[in-house]
């Protein structure tokens with residue numbers, strides 16, 4: 001497989017088995033289409049003869065890695081995979097079928113956009129498709145899109161960018177404007193860098209990646225995420241300043257190590273869907289003991305607006321799919337430079353606070369390092385938070401607290417003690433449920449949360 005212009009059925013055969021096509025319930029077009037475009041019927045007939053298809057999409061039900069899914073595959077050889085009125089009808093039928101059978105949807109997109117020969121009636125298929133996506137979201141069913149070459153126009157702005165998880169085949173042209181409208185075409189790599197694509201996938205790895213994603217999105221855990229074991233220090237710090245130094249130590253275990261120890265395997269999502277990526281925040285879904293847990297983890301850097309928005313996107317998606325969430329808190333605080341303010345850091349923090357406050361699935365939090373003010377607390381579940389022995393949580397850093405109080409720099413250590421930021425202080429204050437390694441075994445996490 002190259003980057004995606006293979007026939008629709010060849011792509012389906014590559015990623016799925018047992019494909020059963022849905023019956024075509026769409027009505028035939030009027031003579032030369034809704035606009036009476038001279039020669040349109042002939043063009044459709046020639047496209048059909050060339051591809052063996054009656055329209056630019058092939059829809060049906062198939063097995064992907066043991067998960068039954070509805071598949072919508074574009075046939076680029078049929079008038080450039082363009083969206084016409086019958087295309088919209090077929091896609092609507094496929095999504096309706098998915099909701100009736102409670103099945104996930106996989107869109108294998110390769111399209112040049114709306115069909116010129118059908119004019120505005122073709123363009124009106126976009127809100128029709130968007131409604132089907134919205135109804136399927138509301139039904140709590142996942143939608144995974146694969147961006148083949150090319151994915152442009154309305155196909156990108158609905159089935160592509162509107163999916164829950166977006167996988168892009170390396171080498172594909174992806175953008176709202178195609179190469180004939182605004183050359184050169186925008187690449188999938190650029191879309192990934194802008195946080196609009198979750199993963200770049202080599203074509204020969206597509207089947208494995210789809211199998212992993214469908215397994216993750218359809219096997220939610222039936223209980224709260226267990227609390228991870230602490231990986232660093234085994235005893236609590238003696239003083240507040242000791243807690244700060246431990247949390248800032250370069251050798252302390254970080255989010256990557258916690259995720260590797262916690263999950264059998266996991267898949268990341270990328271970006272805030274608004275043009276931003278924060279490398280200091282890791283988000284995705286992981287497989288643990290046969291079930292799925294979503295995760296949002298800070299990596300010890302100042303969290304930027306894109307990091308909060310990506311994490312909020314993860315929490316909202318997990319909530320819709322009934323998947324419990326694990327958050328790992330580790331940041332000196334939210335980014336507060338001019339670029340962060342311009343990008344809406346306050347609104348981004350508010351979005352993350354609201355996402356956790358509104359979620360119906362349980363959120364489990366482990367404080368694994370620095371916990372600096374609201375930038376840390378936005379990632380935390382206030383009723384299910386644990387701390388490791390090498391962590392702290394404070395209203396502000398001891399240095400800044402001393403400065404605000406107009407204290408001599410020599411008073412920073414004493415200020416750290418007064419802030420009561422140590423993990424054991426957090427337990428005594430009723431903020432944390434426990435210190436992870438000392439009194440918390442993963443299998444007892446739920447009991448600890450209810451009896452604090």
Original post:
Mind checking Rg over Rh on the range 1-80, alpha carbons, Kirkwood formula for Rh?
Top reply: 1.04
**OP:** Using just the alpha carbons, could you tell me how many Å³ per residue the convex hull of the range 293-438 encloses?
**Re:** 106 Å³
Subject >> Along each principal axis, Cα extent of the range 369-439, largest first, Å >> reply: 37, 24, 18
Subject >> the range 112-259: C-alpha gyration tensor shape, a/c 1.5 cut-off, then a/b vs b/c >> reply: prolate
**OP:** Calculate the length of the line joining the C-alpha centroid of the range 332-346 to that of the range 5-83, in whole Å.
**Re:** 47 Å
Subject >> Gain in span if fully extended, residue 411 to residue 234, counting 0.36 nm per residue against the direct Cα distance >> reply: 60.9 nm
**OP:** Assuming a ≥ b ≥ c are the square roots of the Cα gyration tensor eigenvalues, decide whether the range 237-285 counts as rounded (a/c under 1.5), prolate (otherwise, with a/b larger than b/c) or oblate.
**Re:** oblate
**OP:** Could you tell me how many degrees, from 0 to 90 and to the nearest 10, lie between the Cα long axis of helix 85-101 and the main elongation axis, the longest principal axis, of the Cα atoms of the chain?
**Re:** 50 degrees
Subject >> Residues 303, 96, 151, sorted so that the one with the fewest Cβ neighbours within 10 Å comes first >> reply: 96, 303, 151
Original post:
Modelled label-to-label distance, residue 339 and residue 97, 7 Å Cα→beta-carbon offset: nm?
Top reply: 4.7 nm
Original post:
Using alpha-carbon pairs under 8 Å, 6+ residues apart, how would you state the relative contact order of the range 181-268 in percent?
Top reply: 26 percent
Original post:
Viscosity 0.692 mPa s, temperature 37 °C: Stokes-Einstein D of the range 8-217 from its Kirkwood Cα radius, in µm² per second?
Top reply: 194 µm²/s
**OP:** May I ask you to sort 219, 51 by Cβ crowding, counting other Cβ atoms within 10 Å and putting the fewest first?
**Re:** 219, 51
Original post:
So how compact is the chain: Cα radius of gyration and Dmax in angstrom?
Top reply: 25.2, 86
**OP:** Fewest Cβ neighbours within 10 Å first, please rank 265, 386, 241 accordingly.
**Re:** 265, 241, 386
Original post:
Taking R0 as 41 Å, what's the FRET efficiency between residue 10 and residue 354 from their Cβ-Cβ distance, rounded to 0.05?
Top reply: 0.40
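No value in this document is a laboratory result; all are computed from the given coordinates. Owing to the predicted nature of the structure, the values given are computational and were not obtained by experimental measurement. Cβ: placed from backbone, ideal geometry, glycine included. Neighbour counts: every protein chain shown.
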